[in-house]
1. Is it true that SER222 is in contact (Cβ under 8 Å) with a residue 12 or more places away in the chain, at negative phi and away from ligand 2 (no atom under 16 Å from the Cβ)?
2. With (1) in contact with a strand residue (DSSP E or B) (Cβ under 9 Å, 6 or more places away or on another chain); (2) over 26 Å from GLY21 (Cα atoms) as the list, and GLN96 as the residue in question, which single condition is left unmet?
3. Grab the helices (runs of 4 or more DSSP H) fully contained in segment 161-241, keeping just those with 3 or more residues being farther than 18 Å from TRP15 by Cα, at pLDDT below 95 and open to solvent by less than 20 Å² (accessible area, probe 1.4 Å).
4. Inside segment 1-17, can you point out the residues that are more than 16 Å from ligand 1 (Cβ to nearest atom) and surrounded by fewer than 22 Cβ atoms within 10 Å (Cβ to Cβ)?
5. Can you name the residue in segment 18-45 that is within 16 Å of ligand 1 (Cβ to nearest atom) and free of Cβ contacts under 8 Å to residues at least 40 places away in the same chain and, of all such residues, is surrounded by the most Cβ atoms within 10 Å (Cβ to Cβ)?
6. Please work out if CYS165 is within 16 Å of ligand 1 (Cβ to nearest atom) and farther than 29 Å from LYS232 by Cα.
Amino acid sequence: MNLIPLPAFSDNYIWLLQHQGHALVVDPGKSEPVTTWLRENQHVLDCILVTHHHGDHTGGVEILQKQTGAKVYGPATESLPFDFHGLKQNDQVSWQGLNFSVLDVPGHTAGHIAYWTQPSAQDPLLFCGDTLFSGGCGRIFEGTPAQMLNSMDTLAMLPSATRVCCAHEYTLSNLKFAQAVEPHNQFLRDHVILCQQLRSKNLPTLPTQLALELKINPFLRSRQASVVQAVKAFAPHTANQDVDIFANLRAWKNEFK
Ligand code: ZN
Ligand code: FE
């Protein structure tokens, strides 16, 4: 089982899994990077996983579905402009001997789902769309801060070796904000250096590992004393509730430059 990020638009990744001539893609916002890869590598596309309804995650699905007949899966509670099998928490998808567990992770959109799987003899994989990013989380467009915090908690409980396949290369700008929140976090400092090196060679900073995110990502660390203190310095009227801290952390990120 091989994992490949196909860059699309300015900063999206379409994640592709390949296995013995078969391919699966996640969130193909565009069809061309996928069709080019399939042609050059002589693979058959038989499965498309969609995490949420935004166009940069769904724009290529219909063409790929028509060209290849691939099965399409997506969130049961969102409307998508093509035929698909709707999934919700605890549903399973199988492809080439892999079983994906579906997690409800609302917040960025109301029905956002994520897919987690454990390939044999490899670290687990999480496809989380625009919910969790390296060093950050998605903007809360349709859900509430309480839902997004709950989604962060859901993802934080996955095995720490999980490879987190985020849908955007937002890492460096996220880490800049994370350092404003936790200027003394040494893991963060080290990771910034690594990611700067990767980006200077135009290499992806992803997938990231959940264990690392738990040490550097302020949105997974919103109950840590250092993060609470920083949020209260930014927004002095923040209540002592987890959700208020999280909401103001997200609000701070929204206006951070
Ligand atoms: Zn999105
Ligand atoms: Fe997106």
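1. Details: in contact (Cβ under 8 Å) with a residue 12 or more places away in the chain: yes; at negative phi: yes; away from ligand 2 (no atom under 16 Å from the Cβ): yes.
When the stated conditions are applied, SER222 passes them.
2. (2)
3. Once the helices (runs of 4 or more DSSP H) in segment 161-241 are filtered for at least 3 residues that are farther than 18 Å from TRP15 by Cα, at pLDDT below 95 and open to solvent by less than 20 Å² (accessible area, probe 1.4 Å), nothing remains.
4. Result: MET1, ASN2, LEU3, ILE4, PRO5, LEU6, PRO7.
5. Out of the qualifying residues, it is PRO28.
6. Here the answer is yes, as CYS165 does meet what is asked.
The values are calculated or read from the model by the stated rules, or taken from the named source; none is laboratory data. Since the structure is predicted, the reported quantities are computational estimates derived from the model, not experimental observations. Cβ sites come from the backbone with ideal geometry, for glycine too, and all protein chains shown count toward neighbours. Only protein heavy atoms, including side chains, enter the accessible area calculation; ligands, DNA and RNA are left aside. Shrake-Rupley method; radii C 1.70, N 1.55, O 1.52, S 1.80 Å.
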